[in-house]
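**Q** Sharing a structure below in structure tokens format, with a few things to ask.
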Amino acid sequence: MSSATAVRHVGCQLSFELGADSRLALHVAVADSEHVIEERFRMTGAADLADPVAIATKHGGRIQVVDAEPGPLQVFYSATIGHESPGATSTSTATTGLHLDHLVALRQSRYCPSDRLAGFAAATFGSEPDPIERARAIASWVFERLAYEPGVSRPTDTAIDTLLGGEGVCRDFAHLTIALCRAVGVPARLVSVYAPGLSPMDFHAVTEVWGESGWEILDATRLAPRSSLVRIATGRDAADTAFATVIRGDVQLVSYEVFAIVDGDLPADDHVHRSTLA
């Protein structure tokens, strides 16, 4: 993956219906990066809306906190992302030793109970001495083991539910990959992304794992080329990366639409060689 990534155009439109004065947190803006050429965030509602309050998160994430009165609320976001050289980004730079990010990425979490999968993971993947090769083998195994079936998983499903059920959507693939990686000592976390080439188009979830060369992206669904992905949010699992969270009030998501395209042809991806995210 040595060639520069094409310019990407990404964004979404969210439609909500509010039954009371409400506050919600939106995590749809791409992660802060020098490669962001242009972006727009616009809202319309039943009454005049104050500008959202922006909250910065780790790894460049940006949450917009919105206060709105009862009635319809429309949110429009778009961004253009410029060229970059995958593998030469700040998030993938190798450092010596472990730091807090790595330790957090080794802990079990709400959707990734890696402690409960330790015996299975050790017996299945523990013979591979290289951590990154171990993680790649896990992602390949998840790809081969699970069926991608939209609508089959529940919001409360964990990696164990996915393993037993044998099917799921992107977040389920990512959760199982993360849990198995952590269970064999590989730091792993979830990244929500815009994914040019994904079909059907939606927000997408992939796995980021740590090795001697830095953070590397794995996508056990293999539904989109990794070098075209655009980071939105990074966290322990989907609980940290939801695109909309109701803080208070009565909010219903009526509809949403996501777009993600590249200028020119989509890059090829064998999902074997190293790929990183800005």
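The values are calculated or read from the model by the stated rules, or taken from the named source; none is laboratory data. Computed from a predicted structure; not experimentally measured. Quick reminder, even Gly has a Cβ in these numbers, built from the backbone with ideal geometry, and neighbours come from all protein chains shown.
**Q** Of the residues Arg248, Arg226, which single one is in contact (Cβ under 8 Å) with a residue 60 or more places away in the chain, over 23 Å from Arg154 (Cβ atoms) and outside the structural domain of Lys58 (by TED's automatic domain parsing)? It would help to see each step written out before you state the result.
**A** Working: Arg248 fails: outside the structural domain of Lys58 (by TED's automatic domain parsing).
Residue meeting the stated conditions: Arg226.
**Q** In the range 247-278, how many residues are under 30 Å from Ala20 (Cα atoms) and touching a Phe, Trp or Tyr at 6+ places or on another chain (Cβ under 7 Å)?
**A** Taking the range 247-278 and keeping what is under 30 Å from Ala20 (Cα atoms), we get 247-259.
If we keep only those that are touching a Phe, Trp or Tyr at 6+ places or on another chain (Cβ under 7 Å) as well, we get 251-254, 258.
The number of residues fulfilling the criteria is 5.
**Q** Right, here's the next one. Output the residue which, of all residues in the range 175-197 that are of a type in the set (A, V, I, L, M) and not in a strand (DSSP E or B), is farthest from Cys12 (Cα to Cα). Walk me through how you get there before you give the answer.
**A** Going through the range 175-197, the residues of a type in the set (A, V, I, L, M) turn out to be 176, 178-180, 183-184, 186, 188, 190-191, 193, 195.
Next cut, not in a strand (DSSP E or B) only: 176, 178-180, 183-184, 186, 195.
On the way: Leu176: 27, Ile178: 27, Ala179: 29, Leu180: 32, Ala183: 35, Val184: 37, Val186: 33, Ala195: 12 Å.
Once the filter is applied, the top-ranked residue is Val184.
**Q** Is it fair to say Val209 is within 22 Å of Gly119 (Cβ to Cβ) and part of a strand (DSSP E or B)? Talk me through it step by step, then tell me what you get.
**A** Working: within 22 Å of Gly119 (Cβ to Cβ): yes; part of a strand (DSSP E or B): yes.
Yes; evaluated as a whole, the condition is true for this residue.
**Q** In this structure, does Asp202 turn out to be under 16 Å from Thr241 (Cβ atoms), within 13 Å of the chain's Cα centre (by Cα) and assigned to a helix (DSSP H, G or I)?
**A** Working: under 16 Å from Thr241 (Cβ atoms): yes; within 13 Å of the chain's Cα centre (by Cα): yes; assigned to a helix (DSSP H, G or I): no.
When the stated conditions are applied, Asp202 does not pass them.
**Q** Tell me whether the range 122-130 contains one or more residues that are of a type in the set (Ser, Thr, Tyr), in a loop (DSSP other than H, G, I, E, B) and in contact with a helix residue (DSSP H, G or I) (Cβ under 8 Å, 6 or more places away or on another chain). Reasoning before the result, please.
**A** Restricting attention to the range 122-130, the residues satisfying the condition of being of a type in the set (Ser, Thr, Tyr) are 124, 127.
Okay, now just the ones that are also in a loop (DSSP other than H, G, I, E, B), so 127.
Cutting the leftovers down to in contact with a helix residue (DSSP H, G or I) (Cβ under 8 Å, 6 or more places away or on another chain) gives us none.
For the range 122-130, residues of a type in the set (Ser, Thr, Tyr), in a loop (DSSP other than H, G, I, E, B) and in contact with a helix residue (DSSP H, G or I) (Cβ under 8 Å, 6 or more places away or on another chain): absent.
**Q** From the list Gly249, Gly214, Gly235, pick out the single residue that is over 14 Å from the mean Cα position of the chain (by Cα), under 22 Å from His102 (Cα atoms) and either at pLDDT 95 or above or not acidic (Asp, Glu) (or both). First the steps, then the outcome.
**A** Numbers: Gly249 fails: under 22 Å from His102 (Cα atoms); Gly235 fails: over 14 Å from the mean Cα position of the chain (by Cα).
Residue meeting the stated conditions: Gly214.
**Q** Can you tell me which residue within the range 155-169, out of those that are within 18 Å of the chain's Cα centre (by Cα) and of a type outside the set (S, T, N, Q), is surrounded by the fewest Cβ atoms within 10 Å (Cβ to Cβ)? Give the derivation first.
**A** Of all residues in the range 155-169, those within 18 Å of the chain's Cα centre (by Cα) come to 155-159, 162, 168-169.
Still in the list and also of a type outside the set (S, T, N, Q): 155, 157, 159, 168-169.
Working: Pro155: 8, Asp157: 19, Ala159: 29, Gly168: 26, Val169: 20.
Only one residue tops the list, namely Pro155.
**Q** So, one more: Taking only pairs six or more apart or across chains, which ones have beta-carbon atoms under 7 Å, a first residue in the range 139-156 that is in the same structural domain as Ile217 (by TED's automatic domain parsing) and under 19 Å from Thr124 (Cβ atoms), and a second residue that is basic (Lys, Arg) and assigned to a loop (DSSP other than H, G, I, E, B)?
**A** Phe143/Arg222
Conditions tested, residue by residue: (1) surrounded by 20 or more Cβ atoms within 10 Å (Cβ to Cβ); (2) in contact with a strand residue (DSSP E or B) (Cβ under 9 Å, 6 or more places away or on another chain); (3) under 28 Å from Ser275 (Cα atoms).
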{"residue": "Arg8", "(1), (2), (3)": "yes, yes, yes"}
{"residue": "Gly11", "(1), (2), (3)": "yes, yes, yes"}
{"residue": "Ser15", "(1), (2), (3)": "no, yes, no"}
{"residue": "Leu18", "(1), (2), (3)": "yes, yes, no"}
{"residue": "Val28", "(1), (2), (3)": "yes, yes, yes"}
{"residue": "Ile37", "(1), (2), (3)": "no, yes, yes"}
{"residue": "Met43", "(1), (2), (3)": "no, yes, no"}
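**Q** Of the residues Ala205, Ala260, Ala268, which single one is under 27 Å from Ile37 (Cβ atoms), out of contact with any Asp or Glu (no Cβ under 7 Å at 6 or more places or on another chain) and without any contact (Cβ under 8 Å) to a residue 40 or more places away in the chain?
**A** Details: Ala260 fails: without any contact (Cβ under 8 Å) to a residue 40 or more places away in the chain; Ala268 fails: without any contact (Cβ under 8 Å) to a residue 40 or more places away in the chain.
Going through Ala205, Ala260, Ala268 in turn, just one is under 27 Å from Ile37 (Cβ atoms), out of contact with any Asp or Glu (no Cβ under 7 Å at 6 or more places or on another chain) and without any contact (Cβ under 8 Å) to a residue 40 or more places away in the chain: Ala205.
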